[in-house]
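Heads up, the thing below is written out as structure tokens.
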Amino acid sequence: MENIEVLFSAEDIEIRLKSLAQEIVAAKLDNLLVVSILKGSFMFAADLIRAIQLEGGASSEMEFLFLSSYKGGTRSTGTVEILRDIDTDVKGRNVLIIDDILESGRTLHFAKTLMEERKAEAVHICVLLDKPVPRAKEVALSFTGFECPDVFVIGYGMDYAHKYRDLPYVGVVKG
Ligand code: IMP
Ligand code: MG
């Protein structure tokens, strides 16, 4: 097992999830459809919708949009592909897209445009981590967990070559 430096511990994440859920409940997004971008956001999305319930939020529906831009490496290929689409009609709905990281912006720009083209009433975006790097596509975030340093992170749903998704914290592999 490589040496992993913890960036955001399980406890850091738990605390932030609670306040993030409070922000989302306060926004009173009715008729909400939550769209989790796979694979990276599965753990964050699951914990976040539970936190929203614990904070007294209204029930939301859940969808999964399986997108791909990284082909197993650490660099974006620049194109985003739908590997598996959602099957719910988003027309007239408040959509909350959940993803793990905003980096170049390509993935979230693609997902947001897709929901808008399908006539969602409004599209909101929530990410666990925002990497402050130059964007290829501008993306406005409604809710952000943490600012993340410009390093390749793993854990809490995020992988490096299919490893580390199951870690309960966000970390950086050190050699
Ligand atoms: P973007 O399209 O460049 O904004 O990249 C966003 C996607 O790339 C995210 O959904 C992640 O799945 C993936 N990604 C970006 N940075 C990292 C990282 O540091 N670790 C793991 N995945 C990452
Ligand atoms: Mg992703």
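Would you mind calculating the relative contact order of the chain from Cα pairs under 8 angstrom and at least 6 residues apart, reporting the percent as a whole number? Can you show the working numbers first?
Details: 348 pairs, mean separation 46.5, N = 175.
The value is 27 percent.
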Whole number in Å², please: accessible area per residue of the chain, 1.4 Å probe, ligands, DNA and RNA not counted. 51 Å²
Starting from the amide H of Ser41, placed 1.01 Å from N in the peptide plane, find each other amide H under 5 Å away whose residue is 5 or more places distant or on another chain. Asp100
Cross-link partners of Lys91 among lysines (Cα-Cα below 19 Å; sequence separation of 8 or more within a chain): Lys28, Lys112, Lys119
Calculated P(r) tail over 20 Å for the chain, as whole % of Cα pairs: 50 percent
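Let me know the shape class of region 1-99, please: from the alpha-carbon gyration tensor, a ≥ b ≥ c as square roots of the eigenvalues, rounded when a/c is under 1.5, otherwise prolate if a/b is greater than b/c, or oblate.
Oblate, since a/c reaches 1.5 and b/c is not below a/b.
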Check Val35: other-chain or 5+ apart residues with amide H under 5 Å from its amide H, H built from backbone geometry? Glu63, Leu96, Ile97, Ile98
Of the listed peptides 123-130, 61-68, what is their order by residue-averaged count of other C-beta atoms within 10 Å, with the highest listed first? 123-130, 61-68
Label-point gap, in nm, between Lys18 and Lys174 - each point 7 angstrom along Cα→Cβ: 2.9 nm
The FRET efficiency for Val133 and Arg165, from their Cβ-Cβ distance with R0 = 22 Å and rounded to 0.05, is 0.50
What's the ranking of 3-10, 20-27 by average number of surrounding C-beta atoms within 10 Å, highest first? 20-27, 3-10
Could you pull out every one of the aspartates and glutamates with an alpha carbon less than 16 Å from that of Lys174, ignoring same-chain neighbours closer than 8 positions? Glu2, Glu5, Asp150, Asp159
On a straight-distance basis, which aspartates and glutamates could pair with Lys137 in a cross-link, Cα separation under 15 angstrom, same-chain partners fewer than 8 positions away excluded? Glu103
Which ³J(HN,Hα) values in Hz, rounded to whole numbers, follow from the phi angles of region 39-46 under the Karplus curve 6.51 cos²θ - 1.76 cosθ + 1.60, where θ = phi - 60° and Gly and Pro get x? 8, x, 9, 4, 6, 4, 4, 4
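The values are calculated or read from the model by the stated rules, or taken from the named source; none is laboratory data. On a predicted model such as this, the values are computed, not experimentally measured, just so you know. Heads up, the Cβs are rebuilt from the backbone with ideal geometry, glycines too, and the neighbour counts pull from every protein chain shown. With ligands, DNA and RNA removed, areas are computed over all heavy atoms of the protein, side chains included. Shrake-Rupley method; radii C 1.70, N 1.55, O 1.52, S 1.80 Å.
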